[in-house]
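Since the structure comes first, as structure tokens, the remarks are kept for the end.
A short reminder: the numbers here are calculations on the coordinates, not readings from a lab. Just so it is clear, the structure is predicted and the values come from calculations on it, not from any experiment. Cβ sites come from the backbone with ideal geometry, for glycine too, and all protein chains shown count toward neighbours.
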Amino acid sequence: MIMCRQDFIHHQELHRVWKIEASIKDTTRNIYSKWVFYIDEDSWKISIVDLYDDKNLLWRVSEAHQLQYAVGDTNFVSAEIYHDLMAERYLALLSNEIKEPIVFEQQSSRKDFSLGVYAMWLIINKYL
């Protein structure tokens with residue numbers, strides 16, 4: 001099986017996590033029958049997601065590796081790894097390979113967003 005080598009991943013410290021399980025309603029359809037989320041208690045970000053198929057077998061696993069950034073004093077995902085256990089493949093997205101530094105204090109305005117995003121913002125904030 002080809003998987004991302006966990007011995008190359010540096011886990012700095014153990015974190016307490018909240019485990020949340022969700023399953024699909026009998027009246028709905030989805031490619032996943034169950035989701036298990038592991039939420040980091042310090043950052044409240046989802047660190048791991050286990051995804052189960054319709055036979056309740058573990059099918060896919062998603063990992064979000066986090067870093068604490070001094071600039072902006074924020075916790076941010078530095079790498080995302082998606083494992084497909086049945087297809088024996090994975091996808092790794094590395095934000096630590098970005099050449100330009102991440103700007104956390106960037107100011108934005110309404111004109112920076114598309115009309116669809118703006119409409120959703122209006123709906124969420126009960127302006128429509």
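Quick notes on this one:
- Long-range lysine pairs (8 or more apart or interchain), segment 6-124, Cα under 14 Å: 4
- Residue-wise HN-Hα coupling along segment 50-60, computed from phi with Karplus coefficients 6.51, -1.76, 1.60 (Hz; x: Gly, Pro): 9, 10, 10, 7, 6, 9, 6, 9, 4, 10, 10
- Extension gain (nm, one decimal) between Y69 and L122, 0.36 nm per residue minus Cα-Cα: 16.0 nm
- Ordered by the count of other Cβ atoms within 10 Å of each Cβ, fewest first, T27, T74 give T27, T74.
- Across segment 48-111, Cα-Cα pairs farther apart than 13 Å form 72% of the total.
- Mean projected area in nm² (Cα convex hull; one quarter of hull surface) for segment 6-124: 11.0 nm²
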